[in-house]
Amino acid sequence: MYFPSADLSEHVKSPKLGGIPLLAPWADLLDEQAFWANGKRYGFNMSLGNVRGVMPGHGFLINSPLWEITEVAADSQSAHLTSRFQFWKYPDLMAQWPFAQEYEMTYRLTNGELEVKLAVTNLSTESMPIVLGFHPYFQIPDVPRDEWTAHIPARIHVTPGEHNIPTGEMRPMDLPDPYPLKGNKLDEGFTDLVRDDQGRAHFNIKSGDKMVEVLIGPKYTVATIWLTQQVAPFIRHLDALSKPPLNLKIDRHFVEHLATDIGRMAVAGLNARDPDRSS
């Protein structure tokens with residue numbers, strides 16, 4: 001895991017790219033300062049300051065201080081922390097995304113593997129639009145980026161359009177496996193993921209006998225891979241998104257087209273294995 005801050009207090013004062021940010025209630029970019037749901041357009045109030053940009057991206061929970069820790073526990077084999085976000089309590093959030101909702105997230109570390117499990121509860125009387133994402137950053141310590149390769153277990157490569165917003169066009173997977181990072185950069189989406197018998201898709205970055213492996217659960221149907229050409233040896237983005245195939249914006253109402261009735265609860269998981277463990 002890449003985390004450039006010396007400690008959490010430094011990160012709170014000056015947030016940097018790193019860790020495993022949660023992107024909610026939407027991930028990636030919107031094509032306007034609004035979203036569509038249940039046949040209705042919901043415009044953002046830009047004067048509130050919690051939504052920014054001509055094409056707002058990644059929701060507004062990334063650096064929120066409103067999470068409450070509900071449980072911390074450990075035993076000889078593992079440790080976990082659970083926190084809760086009661087979105088419905090905060091008028092400025094409800095003004096932007098007027099669907100009562102609640103999040104519960106658990107981080108569990110066991111035998112060198114970190115699991116992140118997220119549950120979202122829809123407390124509204126209507127179906128709730130939601131496009132969840134995680135934005136984890138990884139590195140292989142002490143190994144230059146040019147010596148890394150990436151494994152992307154997907155059958156479909158999403159063709160990006162203007163501003164990297166998908167248009168709905170797709171093509172068969174056309175990248176080599178493994179994909180060498182040397183001289184390459186990438187910021188594109190992939191779907192129809194190859195999965196194991198538990199429904200998990202296995203991504204990794206690797207160099208020699210060192211590997212960082214990420215497993216994304218069956219409710220995550222798309223991955224956006226962001227490989228930038230950085231001096232520091234790390235992949236800045238291996239994104240697991242709980243979206244029906246990406247935000248495939250075939251028209252302006254893409255959130256409505258993507259939104260599924262999550263019932264009362266949607267649960268998804270992401271696992272990361274450290275580079276000293278074999279696959």
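Every number here is computed from the coordinates shown, using simple stated rules; none is lab data. What you see is a predicted model; the values in this text were computed from it and never measured. Note that each Cβ is placed from the backbone with ideal geometry, even for glycine, and that neighbours are counted across all protein chains shown.
Using θ = phi - 60° and the Karplus form 6.51 cos²θ - 1.76 cosθ + 1.60, what ³J(HN,Hα) does each residue of region 67-74 get, whole Hz, x for Gly and Pro?
For region 67-74, the Karplus curve yields 5, 10, 6, 10, 7, 9, 8, 7 Hz.
Past 29 Å, Cα to Cα, is the threshold; run LYS16/LYS206; LYS40/LYS219; LYS16/LYS40; LYS13/LYS40; LYS185/LYS219; LYS182/LYS219 against it and keep the listed order.
Beyond 29 Å: LYS16/LYS40; LYS13/LYS40; LYS182/LYS219.
Would you work out the Kirkwood radius for region 50-155? I mean one over the mean of 1/r across all pairs of different Cα atoms, in Å.
The Cα-based Kirkwood calculation yields 17.0 Å.
Mind listing the long-range amide H neighbours of ALA34? Cut-off is under 5 Å, sequence gap 5 or more, other chains count too, H placed in the peptide plane at 1.01 Å from N.
PHE44
Could the peptides 172-185, 209-222 be put in order, highest first, of the mean number of other beta-carbon atoms found within 10 Å of their residues?
Most protected by this proxy first, the peptides run 209-222, 172-185.
From the phi of every residue in region 19-26, what ³J(HN,Hα) in whole Hz does the Karplus formula 6.51 cos²θ - 1.76 cosθ + 1.60 yield, where θ is phi - 60° and glycine or proline is x?
Computed from phi, the couplings for region 19-26 are x, 10, x, 8, 9, 7, x, 9 Hz.
Can you run phi through the Karplus equation (6.51, -1.76, 1.60; θ = phi - 60°) for region 144-160 and list ³J(HN,Hα) in whole Hz, with x for Gly and Pro?
Working through the residues one at a time gives x, 4, 5, 9, 8, 10, 10, 10, 10, x, 9, 9, 10, 10, 7, 7, x Hz.
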